[in-house]
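The structure under discussion appears below in the form of structure tokens.
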Amino acid sequence: MEADRIYRHFCMTARALEVVGERWSLLVVRDLLFGPRRFTDLARSLNPITPTRLTDRLRRLEAAGVIERESAESGREVWYRLTDAGHDLGPAIEELTFWGIEHAKEPPRPDEP
């Protein structure tokens, strides 16, 4: 973990945010809760994330043990899937969604798909 990405608090909430608190990370997990996805699938569903940023998030989540990469038996295709630790984030993401429904409601912005 890079020094500028840590909170320097002995707190499990801080530790968890060091792993999944960066922009886009929980949305990657959200999309993988529906099943394995290819890079192109994630890039499309997370538009406008840049390929560089998505690659960075996937690498960080993989290094943290939240996701894993699986190469197809033939060809160059790579699939990303959640590990057990990644699946354990499902209830937290669901609760964030419920919180958003209750407290962060607003109509879609003009630039949102």
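The values are calculated or read from the model by the stated rules, or taken from the named source; none is laboratory data. None of the values given here were measured: they were computed from a predicted structure. Methodologically, a virtual Cβ is constructed for each residue, glycine included, from the backbone with ideal geometry; neighbour enumeration extends over all protein chains shown. Calculation scope for accessible area: heavy atoms of the full protein, side chains included, ligands and nucleic acids excluded. Shrake-Rupley method; radii C 1.70, N 1.55, O 1.52, S 1.80 Å.
Could you work out the percent of alpha carbon pairs in the stretch 1-40 separated by over 11 Å, rounded to a whole number? Please list the in-between numbers first.
On the way: 537 of 780 pairs.
Of all Cα-Cα pairs in the stretch 1-40, 69 percent lie more than 11 Å apart.
Find, among the trypsin sites (Lys or Arg not before Pro) in the stretch 29-113, those assigned to loop by DSSP (not H, G, I, E, B) with at most 15 other beta-carbon atoms within 10 angstrom. Please list the in-between numbers first.
On the way: sites: ARG30, ARG37, ARG38, ARG44, ARG53, ARG57, ARG59, ARG60, ARG69, ARG76, ARG81, LYS105; in loops: ARG76, LYS105.
Here the sparse-neighbourhood loop sites are ARG76, LYS105.
In a solvent-free Debye calculation with one equal scatterer on each Cα, what is log10 I(q)/I(0) for the chain at q = 0.11, 0.14, 0.16, 0.21 Å⁻¹, listed in the order of the q values?
Per q value, in the given order, log10 I(q)/I(0) is -0.40, -0.65, -0.83, -1.28.
In square angstrom, what is the accessible area per residue of the chain with a 1.4 angstrom probe?
Ligands and nucleic acids excluded, the figure is 73 Å² per residue.
Considering Cα pairs under 8 angstrom that are at least six residues apart, work out the relative contact order of the chain and quote it in whole percent. If you can, show how the numbers build up before the last one.
Values: 89 pairs, mean separation 25.9, N = 113.
Relative contact order, the chain: 23 percent.
Just flag the GluC sites (Glu not before Pro) in the stretch 10-113 sitting in loop per DSSP whose Cβ has no more than 16 other Cβ atoms within 10 Å. Please list the in-between numbers first.
Working: sites: GLU18, GLU22, GLU62, GLU68, GLU70, GLU73, GLU77, GLU94, GLU95, GLU102; in loops: GLU22, GLU73, GLU77.
Passing both the DSSP loop test and the Cβ count: GLU22, GLU73, GLU77.
SER71 versus HIS103, label points 7 Å from Cα toward the beta carbon: distance in nm?
4.5 nm
Under 8 Å for C-alpha pairs, at least 6 residues apart: give me the relative contact order for the stretch 32-91, rounded to a whole percent. Intermediate results must be reported in sequence, preceding the final value.
Details: 60 pairs, mean separation 24.1, N = 60.
Relative CO of the stretch 32-91 lands at 40 percent.
Per-residue ellipticity at 222 nm for the chain, helices alone: DSSP H runs ≥ 4 residues times -39500 (n - 2.57), over residue total, nearest 500 deg cm²/dmol? Each step should come with its number before you reach the end.
Details: 6 runs with 55 residues, N = 113.
Estimated from H runs of four or more residues: -14000 deg cm²/dmol.
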